[in-house]
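A.B. asks: Dropping a structure here in structure tokens format, bear with me for questions.
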Amino acid sequence: QVHLVESGGGLVQPGGSLRLSCAASGSIFSVNTMGWYRQAPGKERELVATITSGGRKNYVDSVKGRFTISRDNAKNTVYLQMNSLKPEDTAVYYCNVVAIYEYWGQGTQVTVSS
């Protein structure tokens, strides 16, 4: 059984930074794309950033230049460094891993507020 364990969310002031981590544990093989999605209250879940096994990265336009996604293949872990955070970044952030099957984390709350 595969588990995705997320950490790093919290409350931060506008302009601040947070780093999210997501570690996949269990019998997971052939991990391809890893990524982060978010869902704000009253809105649909949206893609934030993805990174392939080869290191190709993709970002939603609203976070380009502020967020950086990275991964450690040996640890099956994906990270999201979030800088210059804005109130509109407030959402529940979900880790996503695509291997033979697709897996989702339980979500971690990020709140940007003064």
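The values are calculated or read from the model by the stated rules, or taken from the named source; none is laboratory data. Bear in mind the structure is a predicted one, so any value in this text is a computation, not a measurement. Here the Cβ is made from the backbone with ideal geometry for all residues, glycine too, and neighbour counts use every protein chain on show. SASA here: full protein model, heavy atoms, side chains in, ligands and nucleic acids out. Shrake-Rupley method; radii C 1.70, N 1.55, O 1.52, S 1.80 Å.
A.B. asks: Scanning the stretch 33-45 for residues that are farther than 16 Å from A23 by Cβ and not polar (S, T, N, Q), which turns out most open to solvent (accessible area, probe 1.4 Å)?
C.D. replies: Restricting to residues being farther than 16 Å from A23 by Cβ and not polar (S, T, N, Q), the top hit is E44.
A.B. asks: Another question, if that's okay. Being closer than 15 Å to T33 by Cα and polar (S, T, N, Q) is the filter here, so list the residues in the stretch 69-85 that pass it.
C.D. replies: Within the stretch 69-85, S70, N73, N76, T77 qualify.
A.B. asks: Do you know which of the residues in the stretch 9-41 that are modelled with pLDDT under 90 and among the aliphatic types (A, V, I, L, M) is nearest to the chain's Cα centre (by Cα)?
C.D. replies: Residue satisfying both the conditions and the ranking: V31.
A.B. asks: Kindly indicate which of V78, V48, V92, V97 is touching a helix residue (DSSP H, G or I) at 6+ places or on another chain (Cβ under 9 Å), among the aliphatic types (A, V, I, L, M) and either surrounded by 14 or more Cβ atoms within 10 Å (Cβ to Cβ) or not in a strand (DSSP E or B) (or both).
C.D. replies: Step by step, each of V78, V48, V92, V97 is checked, and only V48 is touching a helix residue (DSSP H, G or I) at 6+ places or on another chain (Cβ under 9 Å), among the aliphatic types (A, V, I, L, M) and either surrounded by 14 or more Cβ atoms within 10 Å (Cβ to Cβ) or not in a strand (DSSP E or B) (or both).
A.B. asks: Considering each of S62, S70, S30 in turn, give the residue that is of a type in the set (G, A, S), touching a residue at least 12 places away in the same chain (Cβ under 8 Å) and in a helix (DSSP H, G or I).
C.D. replies: Going through S62, S70, S30 in turn, the sole match is S62.
A.B. asks: Being under 10 Å from M34 (Cβ atoms) and either at pLDDT 95 or above or not in a strand (DSSP E or B) (or both) is the requirement here; does S53 meet it?
C.D. replies: Yes.
A.B. asks: Something else: Name the residue that is nearest to V5 (Cα to Cα), counting only residues in the stretch 51-75 that are aliphatic (A, V, I, L, M) and either open to solvent by 60 Å² or more (accessible area, probe 1.4 Å) or out of contact with any Phe, Trp or Tyr (no Cβ under 8 Å at 6 or more places or on another chain) (or both).
C.D. replies: If we take residues in the stretch 51-75 being aliphatic (A, V, I, L, M) and either open to solvent by 60 Å² or more (accessible area, probe 1.4 Å) or out of contact with any Phe, Trp or Tyr (no Cβ under 8 Å at 6 or more places or on another chain) (or both), then A74 is nearest to V5 (Cα to Cα).
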